[in-house]
Amino acid sequence: MASLKDLRNRIASVKATQKITKAMQMVAAAKLRRAQEAAEAARPYSERMGAVLANITQAIGGGGDAPALMRGTGRDDVQLLIVCTAERGLCGGFNSQIARLARDHIRRLLADGKQVKIICVGKKGFDILRREYGSLILERVDLREVKTLGFGNADAIARKVINLFNQNGFDVCTLFYSQFKSVISQIPTAQQIIPAAQASPDAESAAGAAVYEYEPEPGEILSDLIPRNIAVQIFRALLENAAGEMGAKMSAMDNATRNAGDMINRLSITYNRQRQAQITKELIEIISGAEAL
């Protein structure tokens, strides 16, 4: 059984940890609001760009005049996965859920005989995937020094991906991230960004019977719009991840603070009982000694 000194030290240690987790919870709550606003502000632009792209794609028909980023290579033998996770931990299962979705996708592709290449955005996803698929990782994008995510960060990643595609480095590119729903809900998501999504029946019905004229030609518009759309989708993924990370961290630190409080209560009860037993034992020894005299 631990001594009273050991119990006092343990209680003091848990109290210090509780102060740290409480402070981290408050910091995450403060950052969450800004991150959530940024993610929600990016969604309408991203969705509208996807609708415009689908409309122009419908007009051009995906023929030979369509840019390669839209029509693809016609194959799916080489798959590129962009796995976006957080740079830091202490956010529950946020990073592991994204990595698990990517890992399951990799296993399916390898089982089908496909070649897989990986670009990791964030340290935690890189640390998880390199244990099993280290040889498949092409690059790790480090954003630890970035205080506020900007479009330039996503555009730099998009340029690397487009250059790799132009060098015939892959056929299909899929983006993995976590879509922010609420503080306690983040949904791991896989989104194909190359080849660009074709027009769907829903998009056609939304467009109705309207006829659009494009100037310059749709092919020229797509040549500029598709690379920008890739950067926009990556930027949205980074913003969604930032909000999800702060939400998951706030929830995890709240749970840790509560658990620390429960542990302090249990240790305090054990300490008080042991101290009372020791006092009772000393009193018995004193009374027994007095009676013996």
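When each of 86, 29, 35, 99 is tested for being surrounded by 13 or more Cβ atoms within 10 Å (Cβ to Cβ), small (Gly, Ala, Ser) and not in a helix (DSSP H, G or I), the lone residue that passes is 86.
Hey, can you tell me all the residues within segment 1-26 that are assigned to a helix (DSSP H, G or I), of a type in the set (Ser, Thr, Tyr) and either modelled with pLDDT under 85 or under 23 Å from the mean Cα position of the chain (by Cα) (or both)? Across segment 1-26, the qualifying residue is only 21.
The single residue among 91, 120 that is in a loop (DSSP other than H, G, I, E, B), within 22 Å of residue 236 (Cβ to Cβ) and open to solvent by less than 20 Å² (accessible area, probe 1.4 Å) turns out to be 91.
Report yes if residue 104 is in a helix (DSSP H, G or I), charged (D, E, K, R), open to solvent by 50 Å² or more (accessible area, probe 1.4 Å) and without any contact (Cβ under 8 Å) to a residue 40 or more places away in the chain, otherwise no. Taking the combined requirement at face value, the residue satisfies it. If you go through segment 56-83 and keep only what is open to solvent by less than 40 Å² (accessible area, probe 1.4 Å), of a type in the set (S, T, N, Q) and at pLDDT 80 or above, you end up with just 79. The residue of segment 139-168 that is least open to solvent (accessible area, probe 1.4 Å), among those that are among the hydrophobic types (A, V, I, L, M, F, W, C) and without any contact (Cβ under 8 Å) to a residue 40 or more places away in the chain, is 141. When you scan segment 166-184, how many residues do you find that are over 12 Å from the mean Cα position of the chain (by Cα) and either within 12 Å of residue 94 (Cβ to Cβ) or not aromatic (Phe, Trp, Tyr) (or both)? Number of matching residues: 12.
Among the residues making up segment 224-257, those that are farther than 27 Å from residue 80 by Cβ and not β-branched (Val, Ile, Thr) are 246, 247, 249, 250, 251, 252, 253, 254, 255, 256.
Annotation note: of 168, 229, the sole residue that is part of a loop (DSSP other than H, G, I, E, B) and modelled with pLDDT of 80 or more is 168. If the condition is being in a strand (DSSP E or B) and surrounded by fewer than 18 Cβ atoms within 10 Å (Cβ to Cβ), then segment 175-187 contributes 181, 182, 185, 187.
The values are calculated or read from the model by the stated rules, or taken from the named source; none is laboratory data. Predicted model, so just to flag it, every value in this text is computed and none were measured. Cβ: placed from backbone, ideal geometry, glycine included. Neighbour counts: every protein chain shown. For accessibility, only protein heavy atoms count, side chains too; no ligands or nucleic acids. Shrake-Rupley method; radii C 1.70, N 1.55, O 1.52, S 1.80 Å.
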